[in-house]
Structures are given as C-alpha cells and as structure tokens.
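Shown next, in structure tokens, is the structure this report addresses.
The values are calculated or read from the model by the stated rules, or taken from the named source; none is laboratory data. Everything quoted here is computed from the prediction, not taken from an experiment. FYI the Cβ positions are ideal-geometry reconstructions off the backbone, even for glycines, and counts take in every protein chain you see.
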Amino acid sequence: MPTKAGTSTSDMADTLSDTAQNVKDKVTDAASTAKQKVTDVGRQATDKIDEKRGPTADALQSAAATLHEKAEDLPGGETVKSVAHSAAEKLESTAGYIREHDVRAMLSDVEDIVKRNPGPSLLIAVAIGFLIGRAVRED
C-alpha cells in the first residue's frame with residue numbers, strides 16, 4: 001500500500017508532467033501560428049510586387065524610348081550619344097527581365113549572384129544599409 005507521501009509525490013510528478021506537456025503544446029501552437037502569419041505576409045508581399053512588375057517594366061521601356069529619342073540632341077559629341085543609347089539599352093534589358101521573371105525567380109537570381117560574389121555583395125549591403133539608416137534618421 002503506497003504511503004501518503006508516495007502518493008502525493010506521484011501525483012505531483014503527474015501534474016508537473018501534464019503542465020510541461022500543456023506548455024509544450026501552447027509553444028508549438030504559437031510557433032505554428034507565427035510561421036503561418038509570416039508565410040501569409042510573404043505571399044502577400046510577393047503578390048503585390050508581381051502586380052507591379054508590368055507597370056514597372058512599361059515605365060522602364062518608356063524611359064528607354066525617351067532616352068533613345070533625346071540622345072541625338074545631346075551636346076558633347078558621339079561619346080555622349082553612345083553612352084545615352086547604351087543606358088537606354090540597359091533600361092530596355094531591365095524592362096524585359098522584369099517582364100519575364102517573377103519575384104521568386106528574381107530572388108533566386110540575386111541569391112546566385114551573392115553566392116558567386118560574396119565580398120562585393122556584402123559591400124553593397126552595407127552601403128544600402130547606411131543609406132537607409134541615413135534616410136530614416138533624417139525623417
């Protein structure tokens with residue numbers, strides 16, 4: 001026959017075990033909910049960016065066409081005109097890339113570039129962080 005002390009120790013161990021399981025279940029549920037919310041926010045952001053791809057590509061294409069048109073009227077000779085046309089071609093290329101690739105493909109391309117060029121990528125990230133920090137601080 002168990003002693004009174006043995007029974008209360010056993011009951012206490014069962015209670016602690018049940019409490020620990022309840023805490024574990026609540027933490028697991030909270031983590032699952034947080035993960036789902038992050039996934040939903042990421043999906044919404046991706047959808048919004050994808051919606052803007054077409055208009056962005058159109059704007060870049062329009063800027064390229066304008067630059068091509070105005071390049072012939074620029075002062076400074078053939079070198080300046082050549083640079084203007086080259087810039088316009090880059091804008092056209094960028095517009096085409098934006099039209100042809102969704103956000104996931106673009107992120108994959110950025111990831112590949114960063115993996116191939118970690119040093120320059122880090123410097124660019126630092127520079128962008130610095131500029132964002134300055135912009136935020138000045139507001």
- Query: Which members of the stretch 91-132 meet the condition of being in a helix (DSSP H, G or I) and touching a helix residue (DSSP H, G or I) at 6+ places or on another chain (Cβ under 6 Å)?
  - Reply: Leu91, Glu92, Thr94, Ala95, Ile98, Arg99, Val103, Val114, Ser121
- Query: Quick check: anything in the stretch 28-47 in contact (Cβ under 8 Å) with a residue 12 or more places away in the chain, in contact with a Lys or Arg (Cβ under 8 Å, 6 or more places away or on another chain), surrounded by 13 or more Cβ atoms within 10 Å (Cβ to Cβ) and over 25 Å from Ala125 (Cβ atoms)?
  - Reply: no
- Inter-residue pairs, beta-carbon under 6 Å, first in contact (Cβ under 8 Å) with a residue 12 or more places away in the chain and in the stretch 77-98, second surrounded by 13 or more Cβ atoms within 10 Å (Cβ to Cβ) and among the small types (Gly, Ala, Ser), 6+ apart: Ala84/Ala71; His85/Ala71; Ala88/Ala64; Leu91/Ala63; Leu91/Ala64; Glu92/Ala64; Ala95/Ala57; Ile98/Ala57
- Task: Please specify each residue of the stretch 38-79 satisfying the condition of being aliphatic (A, V, I, L, M) and modelled with pLDDT of 90 or more.
- Result: Val38, Val41, Ala57, Ala59, Leu60, Ala63, Ala64, Ala65, Leu67
- Query: So Gly76 clears everything in (1) outside any helix (DSSP H, G or I); (2) within 16 Å of Ile98 (Cβ to Cβ) except one condition, right? Which one?
  - Reply: (2)
